[in-house]
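Below is one structure, written out as C-alpha cells, with a few remarks after it.
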Amino acid sequence: METDSERCEKEQAQMEKVAMSFEKAMKGIGTDENRIIREVVAYNNKQRQLIKSKYLVLTGKEIEEDLKSEIGGFFLEAVLALFTPVDEYEASILHKAFEGIGTNEQKIIEILCTKSSEEIRQVKDAYRRLYKTELEVDLKNEQGGDLGRLFRSLASGGRRENHGYDKDFIEKETQNLYDAGEGKTGTDEKEFVRILSSRSFAELSAIFVLYKESFENDLEQAIKDEFSGDLCEALLTIVKCIRNRPKYFAELIGRSSQEKKNFEQDLLQVVIRRYEIDLPEINDEFKKMYGRSLTDLVNKETNGDFKKLILSLLKKI
C-alpha cells in the first residue's frame, strides 16, 4: 500500500510536470491556450497553489506575470482567479469594489450577504494579509447609513452560529420584524439590520416560516414593500441565501445575462467562487428557473478562449 509520504512525493513530481507544461504553453512565438485550459481545469485550487510554487522554483518567474504577457481579457481574468486561493480572490473582489469613484455595492452584497460568519472571517483574514488593513475600516470609509451599518455588522463575523433555537425567542424576533416594517407607519431600518445580520441561519429560517404563517406577506415581499435600492437588495440577498443559496447564485447569473452589463465578469466570479462548493446545485437551480443549463447559456452568450475555459470547468461538475 502506498504511504502518505510516497503519495506526497508523487504529487510533487506531477505538479512539477504541470508547471513545465505551462511554461511550454507560453514559450516561443504564440501561446498554446488549449494547453493552458486543459492544465488549469485538471486540478483543484489547492493543487494549483503547488503548481504556482513549482513554476517559480523551476523557471524563476511568477506564473501570473507570464500569463499576463501571453493572454488577456476575461480569459486572463478567469485563469488568474483559478490560480488564486478562493478567500484571497473574494478579498480582491471586495477591494476592487472600493476603487475608483464610488463604491460597487453590488459586489460587496454578493460576498458579505451570502456567507456564514466563519466564511466571512476567512475572507477578512485574507483581506488583512493582502492589503494590510481591516475590511471593516475600508467599509467605514466607503459606506455610511443603514447599508454601511449592515455591511460592517456582517463583516464583524459576529452572527450567531447555533443550530437550534428557542421558540419564544423566534416568536419575539418575528414580531419585532413585523413591528419594524409592515406593522407601523414608516420603517425601522436599524431593527431589520440588527435581526438579519446577527441571528443565526437556523433562527432566521424559523423566523421566515413563522412570519409567513403569522402575517399576510412573505418576508421577501415585506422587504420589497418597505425598502428600495441597495439596502433592499442586500436584505433580500440574506433572506434568499438562507433559504436556498444555490438558487440565489443561479438567479444572479440569469439576471446578469439578461441585463448584459457585466455578464462575463459576473459569470466567471460565480463559477470560480462556487466551483468547489455548490456549482452543480447552482446549475440544477438554473435549469429549474430558466429551462436550460449553464452550459447552454455559456455556449450562446460567450466566445473565444474564455468560452472554452468556462465550458471545460462546467464539464467537470
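The values are calculated or read from the model by the stated rules, or taken from the named source; none is laboratory data. Remember, it's a predicted structure, so these values are computed and weren't measured experimentally. As a convention, Cβ positions derive from the backbone with ideal geometry for all residues, glycine included, and neighbour counts pool all protein chains shown. Surface accessibility is based on the protein's heavy atoms, side chains included, excluding ligands, DNA and RNA. Shrake-Rupley method; radii C 1.70, N 1.55, O 1.52, S 1.80 Å.
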Classify the range 8-101 from the C-alpha gyration tensor, please: rounded if a/c falls under 1.5, else prolate or oblate depending on whether a/b exceeds b/c. oblate
Spatially near lysine pairs across the range 127-246, Cα under 21 Å, sequence gap of 8 or more or different chains: 13
Could you look at the range 69-113 and say what percent of its accessible area is carbon and sulfur, using a 1.4 Å probe and all protein chains? 55 percent
Using a/c under 1.5 as the rounded threshold, could you call the range 207-284 rounded, prolate or oblate? The axes a ≥ b ≥ c are square roots of the C-alpha gyration tensor eigenvalues, and prolate needs a/b larger than b/c, oblate otherwise. oblate
List the relative contact order of the range 75-141 as a percent without decimals, with contacts defined as Cα pairs under 8 Å and 6+ residues apart. 31 percent
Whenever you get a sec, compute what percent of the accessible area on the range 183-317 sits on carbon and sulfur atoms (1.4 Å probe). 42 percent
Among (1) 193; (2) 169; (3) 130, the entry derived from the coordinates for volume of the Cα convex hull per residue in Å³: (2)
How high is the FRET efficiency from LEU58 to ASN262, r the C-beta distance, R0 51 Å, rounded to 0.05? 0.90
Tell me, what is the FRET efficiency for ASP188 and ASP225 to the nearest 0.05, using R0 = 25 angstrom and their Cβ-Cβ distance as r? 0.95
Could you give the nm distance between label points at LYS68 and ASP4, where each point is 7 Å from its Cα heading toward the beta carbon? 3.8 nm
Under the Debye formula (equal points on every Cα, no solvent term), log10 I(q)/I(0) of the range 6-165 at q = 0.09, 0.12, 0.13, 0.17 Å⁻¹: -0.40, -0.66, -0.74, -1.00
Within straight cross-link reach of LYS17, meaning Cα distance under 18 Å, which aspartates and glutamates are found once same-chain residues fewer than 8 apart are removed? GLU6, GLU9, ASP32, GLU33, GLU39, GLU62, GLU64, ASP66
As straight-line cross-link partners of LYS96, the qualifying aspartates and glutamates (C-alpha separation under 17 Å, not fewer than 8 residues apart within one chain) are GLU77, ASP87, GLU88, GLU105, GLU110, ASP125, GLU134, GLU136, ASP138, GLU142, GLU264, ASP266
For Cα pairs less than 8 Å apart in space and 6+ apart in sequence, what is the mean separation divided by the residue count of the chain, i.e. the relative contact order in percent? 15 percent
Per residue value of the accessible surface for the chain (all protein chains in place, 1.4 Å probe), Å²: 48 Å²
For the chain, what does -39500 (n - 2.57) per DSSP helix run (n ≥ 4), summed and divided by total residues, give at 222 nm, in deg cm²/dmol to the nearest 500? -24000 deg cm²/dmol
Counting other Cβ atoms within 10 Å, keep those with at most 15, restrict to DSSP loop, and tell me which trypsin sites (Lys or Arg not before Pro) in the range 158-206 are left. ARG160, LYS184
Over 21 Å between Cα atoms, which of LYS46/LYS124; LYS261/LYS316; LYS24/LYS61; LYS68/LYS307 qualify? LYS261/LYS316
Whole Å is fine, so just give me how far the alpha carbon centre of the range 247-283 lies from that of the range 24-83. 23 Å
One computes Rg over Rh for the range 246-317 from alpha-carbon atoms, with the Kirkwood Rh, and obtains 0.91
Of the residues LYS107, LYS307, LYS288, which exhibits the maximal mean-square fluctuation in a Gaussian network model of the chain defined by a 10 Å Cα contact cut-off? LYS288
Using Cα-Cα distances under 8 Å and only pairs 6 or more residues apart, what relative contact order does the range 161-224 have, in percent? 40 percent
Taking every C-alpha to C-alpha distance in the range 176-317 and binning by 5 Å from 0, the per-bin percentages run 2, 9, 17, 19, 15, 11, 11, 8, 5, 2, 1
